[in-house]
Amino acid sequence: MPLEYKGITISWLGHDSFRIKFQGKIIYIDPYNLKKSYEPADVICVSHNHFDHLSYDDLKKLVVDKTVLVGAQECKDGFDKFKKNKKIYLLPGQEIEVEGIKIKAVPAYNINKFRSPGVVFHPKSDNKIGFVLNIGGVTIYHAGDTDNIPEVKGLKPDIALLPVSGTYVMTKEEAVQAVKDIMPKIAIPMHYGTIVGTEQDAIYFKNNAPKEIEVHILQPE
């Protein structure tokens with residue numbers, strides 16, 4: 001079941017992918033490995049250019065002429081395939097408004113997840129991003145692929161979508177600390193069940209998060 005909150009419907013589509021509906025607008029974040037047909041997008045946000053976030057095969061299932069593509073600077077090559085569409089590229093800290101939705105880019109990078117000695121999977125210098133969306137006065141933080149980094153402490157969104165699997169992103173234990181630092185009203189675990197991580201990571205996260213934070217483990221739609 002999706003999460004319903006103050007007129008907003010949030011559906012998890014697996015991995016880091018979400019669909020958000022509000023007053024007839026449809027926003028997707030990091031669509032990847034889509035299992036069925038979904039409604040065309042008004043806005044699509046893409047956190048970075050790795051194949052499981054910037055997926056042309058999945059984007060083309062959702063993009064129509066009206067769709068606005070919003071992504072990290074490194075998404076340019078992937079977005080350029082959509083010749084007719086408006087495209088917006090953000091650096092960490094930049095904020096825009098699209099279709100009445102305020103979108104702020106926040107940093108997303110690794111501190112201690114290495115592909116080789118001294119080389120992290122998601123370097124800070126790449127300017128990969130997460131997003132804080134303000135939709136109808138409700139703030140939703142999608143962390144992207146990140147560790148628990150200092151820049152997100154005290155964000156206090158209404159809803160936080162946080163990775164929990166480890167390997168490329170924060171571990172379930174680190175996600176518990178992150179949710180304590182961020183202090184949303186609601187948290188939804190993500191980044192498991194497709195490439196790395198299992199639902200057990202999500203369950204651990206739910207069982208160890210502060211009790212005043214509602215944790216919803218969504219099933220992929």
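The values are calculated or read from the model by the stated rules, or taken from the named source; none is laboratory data. The structure presented is a predicted model; accordingly, all values stated were derived computationally and were not measured. Here Cβ is always computed from backbone atoms with ideal geometry, including for glycine, and neighbour counts include all displayed protein chains. The area values use the complete protein model at the heavy-atom level, side chains included, leaving out ligands, DNA and RNA. Shrake-Rupley method; radii C 1.70, N 1.55, O 1.52, S 1.80 Å.
Residue-level check: of (1) farther than 20 Å from Q73 by Cβ; (2) assigned to a strand (DSSP E or B); (3) touching a Phe, Trp or Tyr at 6+ places or on another chain (Cβ under 9 Å), P184 misses just (2).
Confirm whether A105 is in contact with a Lys or Arg (Cβ under 6 Å, 6 or more places away or on another chain) and at pLDDT 95 or above. It is false that A105 is in contact with a Lys or Arg (Cβ under 6 Å, 6 or more places away or on another chain) and at pLDDT 95 or above. A Cβ distance below 7 Å, combined with a sequence gap of six or more or placement on separate chains, defines the contacts here; from segment 29-46, residues that are free of Cβ contacts under 8 Å to residues at least 24 places away in the same chain reach residues that are open to solvent by 10 Å² or more (accessible area, probe 1.4 Å) in the pairs E39/I26. Within segment 200-216, the residues that satisfy the criterion of being surrounded by 15 or more Cβ atoms within 10 Å (Cβ to Cβ) and either in a loop (DSSP other than H, G, I, E, B) or touching a residue at least 24 places away in the same chain (Cβ under 8 Å) (or both) are D201, A202, Y204, F205, N208, A209, I213, E214, V215, H216. Looking across segment 157-170, the residues that are open to solvent by 10 Å² or more (accessible area, probe 1.4 Å) and under 16 Å from the mean Cα position of the chain (by Cα) come down to D158, S165, Y168. Criterion applied to G144, G197 was being outside any strand (DSSP E or B), under 24 Å from I101 (Cα atoms) and either touching a Gly at 6+ places or on another chain (Cβ under 9 Å) or modelled with pLDDT under 95 (or both), and the one residue passing it is G144. The residues of segment 100-114 that are open to solvent by 50 Å² or more (accessible area, probe 1.4 Å) and within 29 Å of I88 (Cβ to Cβ), listed by number, are G100, K102, K104, I111.
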